[in-house]
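Colleague: Structure incoming, see below.
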There are 2 protein chains.
Amino acid sequence: MIGSGQLARMSVGPAAELGITLSVLATDPDDSAALVAAHAPVGHHTDLDRVVQFARHCDVITFDHEHVPADVLAAVAELGVPIHPDPSALQFAQDKLAMRIRLTELGIPCPRWASATNAQEVTAFLDRIGGPVVAKTPRGGYDGKGVRVIRAADDIADWLTRASEADPLLLEELVDFVRELAVLVARSPSGQAAAWPVVETVQTDSICTEVLAPAPGLSPDLAAAATEAGLRIAGELGVTGVLAVEMFEIAGPDGRNGFVVNELAMRPHNSGHWTMDGSVTGQFEQHLRAVLDLPLGAPDAREPWTAMANVLGGDLTELYSTYRHIMARDPHLKIHLYGKSVRPGRKIGHINVSGSDLDDLRERARHAADYLRGVIDE
Amino acid sequence: MIGSGQLARMSVGPAAELGITLSVLATDPDDSAALVAAHAPVGHHTDLDRVVQFARHCDVITFDHEHVPADVLAAVAELGVPIHPDPSALQFAQDKLAMRIRLTELGIPCPRWASATNAQEVTAFLDRIGGPVVAKTPRGGYDGKGVRVIRAADDIADWLTRASEADPLLLEELVDFVRELAVLVARSPSGQAAAWPVVETVQTDSICTEVLAPAPGLSPDLAAAATEAGLRIAGELGVTGVLAVEMFEIAGPDGRNGFVVNELAMRPHNSGHWTMDGSVTGQFEQHLRAVLDLPLGAPDAREPWTAMANVLGGDLTELYSTYRHIMARDPHLKIHLYGKSVRPGRKIGHINVSGSDLDDLRERARHAADYLRGVIDE
């Protein structure tokens, strides 16, 4: 696995249970996964020679993030080491404009969008939409980075100076959504696929803070349509491993809600952390099964509801006393910490709790996350 | 953690999730846990200097087995590093005769027993019981090793030549049991304790092959009495971490069943493997929480029933194709492999499956284990 953040870290336990030898290529010996993995050589994912050297010892290569450059992936492919997801699929998670073009070809609902390389094109799209729009750098953004809501071309004057025909910007309508959903599926090289229940994701300041599984009150028709879209995207794009499709739920003119696709991620994803405790097969186990072309596990929910709350770094740099408190207060919480130093706003862990009363579960997960962050003290 | 078998291996994932740095002292770099743990220095648990050197880098010492000699434990204690369970408790898991003496003092039901150093004492016990009895070497046995059913003192002539007042043998009546049960509890240094539901264990050729959780048809009174005994033993002996109390269920003269205690183990135990998937808090997580004096997690079962089947090594040395088959046949199975080479009869993994129909679950777990062992091929 190239990359050694929390996604690689949470793969360590499932790999051990499956009897799989997992190596992670770490950027630093103190990386989240490097702290707990038996094999964690250090090397940067942009260093072609280093990645190739790492890949020589692997049977299959997969990823903790989507930032490995195309030339590095091509060099690994030349070795004959299988890469999952394949670079031909991964490009659609690496490049948001490529993703929009492909999904539109497939007839998957998307926000209205355009590419732009100059102020005239930006102004034309603003006029077409008739209000503020979202501008994105197609590559390299995450958690709100590389994304701006704009009202005029001047708002991205700095980006436009660097834009070109070869490297345009992506413009999208600002979707008036009811809420955000995510569809998580896994697909193996043999083509077997499995979908977890559709979830609701709650973002705060562009960072996912809560996931409710399954999405409460979601119409069965919309759940089926969203799941079908997730499976179809995985199949048409040739995704192997876990695919997360982030969606906006929108109110339809006929009173029936629909969806448009926001983003794709081809790896275990924050919207699937609930599966570690709330599903028969967690996303980290399933990703490993998928990229190794092992038969997939059942994605069924184990309880009526699971609430997940992300723990973000706050002003408390020492977690121990708060950690003890939340464990003592609620012995049913499943607490996952990433071994990362605390920085304000940084994702340092998450809490899962499952049961039959969603409001109660949500309050308990939220309380624990807020207490660990230090924003409440009772 | 001293020792790096499968119990240490299965602690690696929970330690990572809890944000705990786990080091295992391995006897060999290819040990089950050493293959997956980030910190796995090599050294033998009987090597006093090596264990002390290892312990200097630890905040707390715990165990994967009970074979660390008393002088080694004393040297670690002198460093001031907390040992859990403490040697004063651990002695009762290391020495079956010490255990029988102490449990009898506490009034915990035990089989009739005696110590013996010569043939006369053995014959006297045989006469008292009036039938075959079980002879045990008090130290070092496991999975049926160091245990013999005897009809005459001659059957253990070899053991008697080595027995002495300082090192006697243990004789126990051969219990006419209904079935075997196990009570698994965890206790922290602060005295907090939690008990999982009582389970039925099925032994084949003195090796645990199946666990049914909870024990089907167990009377609520007997379940309560057995649990109370487990918690009382943990408290009275000062056990910290997980304690497994293996019991025989026996038919009472009044038609109400009772129990006698068979063995104690002070560490995660085969009878608790079902908790990894079947309980809110698995035994490996709970053991870590307990020995670190963190608040304990909820031991509730997550589903009405969980069946566990041990995978024993058979004639198939290459598991891959059978592994794929059982995964494809039943996507609800939770498969745990230990990374151990296959030898006939060796525990190399286990299968958990949870749900509401115990007969069905048991058949599925058993089938998968038999298929992996190579004793069935369909």
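Coordinate-derived values only; no laboratory data. None of the values given here were measured: they were computed from a predicted structure. No Cβ is skipped: glycine too gets one built from the backbone with ideal geometry, and neighbour counts run over all protein chains shown.
Colleague: Please list the radius of gyration and Dmax for the protein assembly as shown, considering alpha-carbon atoms only, with Å as the unit.
Modeller: Reported Rg and Dmax, both Å: 28.8, 106.
Colleague: Right, here's the next one. So what's the gap between the Cα centers of region B:43-105 and region A:206-271, to the nearest angstrom?
Modeller: Computed from Cα coordinates, the inter-centre distance equals 53 Å.
Colleague: When the helix-only estimate is applied to chain A (DSSP H runs of n ≥ 4, each -39,500 (n - 2.57), divided by the residue count), what is the mean residue ellipticity at 222 nm, nearest 500 deg cm²/dmol?
Modeller: On the way: 12 runs with 123 residues, N = 378.
So the calculated ellipticity at 222 nm is -9500 deg cm²/dmol.
Colleague: Using Cα-Cα distances under 8 Å and only pairs 6 or more residues apart, what relative contact order does chain A have, in percent? Write down the numbers at each step before the final one.
Modeller: Working: 805 pairs, mean separation 50.7, N = 378.
Here the relative contact order equals 13 percent.
Colleague: So, one more: Can you give the net charge of the other residues whose Cβ lies under 12 Å from the Cβ of A:GLN6, counting K and R as +1 and D and E as -1?
Modeller: Details: positive: A:ARG9, A:ARG267, A:LYS340, A:ARG346, A:LYS347; negative: A:ASP31, A:ASP64, B:GLU17.
Local net charge: +2.
Colleague: Any idea what the B:THR117 label distances to the other copies are, label 7 Å down the Cα→Cβ vector, nm, shortest first?
Modeller: 9.7
Colleague: Determine, for chain B, the count of lysine pairs separated by eight or more sequence positions (or lying on different chains) whose alpha-carbon distance falls under 22 Å. Intermediate results must be reported in sequence, preceding the final value.
Modeller: Numbers: B:LYS96/B:LYS136; B:LYS96/B:LYS145; B:LYS136/B:LYS145; B:LYS145/B:LYS340; B:LYS145/B:LYS347; B:LYS334/B:LYS347.
Going through chain B pair by pair, I get 6.
Colleague: Moving on to the next point. On average, how many beta carbons from a partner chain sit within 10 Å of the beta carbon of a residue in A:327-335?
Modeller: Values: counts 6, 4, 1, 3, 11, 5, 4, 5, 6.
Across A:327-335, the average partner-chain Cβ count within 10 Å equals 5.
Colleague: Only loop residues by DSSP count here, and only those with at most 14 other Cβ atoms within 10 Å; note down the trypsin sites (Lys or Arg not before Pro) in region B:133-210 that meet that.
Modeller: The qualifying sites are B:LYS145, B:ARG151.
Colleague: Within chain A, which complete DSSP H helices have Cα atoms spanning at least 30 Å along the helix axis and a mean Kyte-Doolittle hydropathy of 0.5 or higher? Walk me through the numbers before you get to the answer.
Modeller: Numbers: long enough: none.
Helix filter hits for chain A: none.
Colleague: Right, something else. Along its three principal axes, how long is region B:245-360 when you only count alpha carbons? Whole Å, largest extent first please.
Modeller: Extents along the principal axes: 50, 41, 30 Å.
Colleague: Here's another thing I want to ask about it. Sequence-distant or interchain residues sharing an amide H contact under 5 Å with B:GLN203, placed H: which?
Modeller: B:THR209
Colleague: Continuing with this model, one more query. Non-local amide H neighbours of B:HIS39 (under 5 Å, H modeled in plane, Pro and chain starts lacking H): which ones?
Modeller: Residues meeting the criterion, in which the H sits 1.01 Å from N, are B:VAL24.
Colleague: Tell me, what is a quarter of the convex hull surface for the C-alpha atoms of region A:112-173, in nm² with one decimal? Show your work: numbers first, answer last.
Modeller: Values: hull surface 15.0 nm².
Projected over every direction and averaged, the Cα hull of region A:112-173 covers 3.8 nm².
Colleague: Where along chain A is the Cβ that lies nearest the axis linking it to chain B, and how many Å separate them?
Modeller: A:GLY13, 1
Colleague: Quick one: of the DSSP bridges fully inside the protein assembly as shown, what percent are antiparallel, nearest 5? If you can, show how the numbers build up before the last one.
Modeller: Numbers: 114 of 124 bridges.
For the protein assembly as shown, the DSSP antiparallel bridge percentage is about 90.
Colleague: Under the convention of a label 7 Å out along Cα→Cβ, give the distances in nm from A:THR317 to the same position in every other copy, shortest first.
Modeller: For A:THR317, the other copies' label points sit at 5.5 nm, shortest first.
Colleague: Measuring nothing but label to label, 7 Å from Cα along Cα→Cβ, what are A:GLY140's distances to the other copies in nm, shortest first?
Modeller: Here the equivalent label points are 6.6 nm apart from this one.
Colleague: Tally the DSSP beta bridges in chain B and give the antiparallel ones as a percent, rounded to 5. Write out the running numbers ahead of the final one.
Modeller: Details: 57 of 62 bridges.
Here the antiparallel bridges make up roughly 90 percent for chain B.
Colleague: Taking θ as phi - 60°, what are the ³J(HN,Hα) couplings along region A:240-245 by the Karplus curve (6.51, -1.76, 1.60), each to the nearest whole Hz, with x for Gly and Pro?
Modeller: 10, x, 7, 10, 9, 10
Colleague: Can you give the FRET efficiency to the nearest 0.05 for A:LEU106 and A:SER356, using r as the Cβ-Cβ distance and R₀ = 60 Å? Mind dumping the intermediate values first?
Modeller: On the way: r = 38 Å, r/R0 = 0.63.
With R0 = 60 Å, the Cβ-Cβ based efficiency is 0.95.
Colleague: For the pair A:GLU228/B:VAL178, report the inter-label distance in nm, with labels modelled 7 Å from Cα in the Cβ direction.
Modeller: According to this spin-label approximation, the distance is 5.5 nm.
Colleague: While we're looking at this one, here's another question. Would you look at the GNM of chain A, springs on alpha carbons closer than 10 Å, and say which of A:ALA157, A:ALA182, A:ALA195 moves the most?
Modeller: A:ALA157
Colleague: Now a separate question. Could you give log10 I(q)/I(0) at q = 0.07, 0.11, 0.14 Å⁻¹ for chain A, computed by the Debye formula over C-alpha point scatterers of equal weight, without solvent?
Modeller: The Debye formula, applied to the Cα set alone, gives -0.31, -0.80, -1.30.
Colleague: Something else about it: Using only the alpha-carbon atoms, what does region B:306-378 span along each of its principal axes? Please give whole angstrom values in decreasing order.
Modeller: So the three principal-axis extents are 34, 20, 18 Å.
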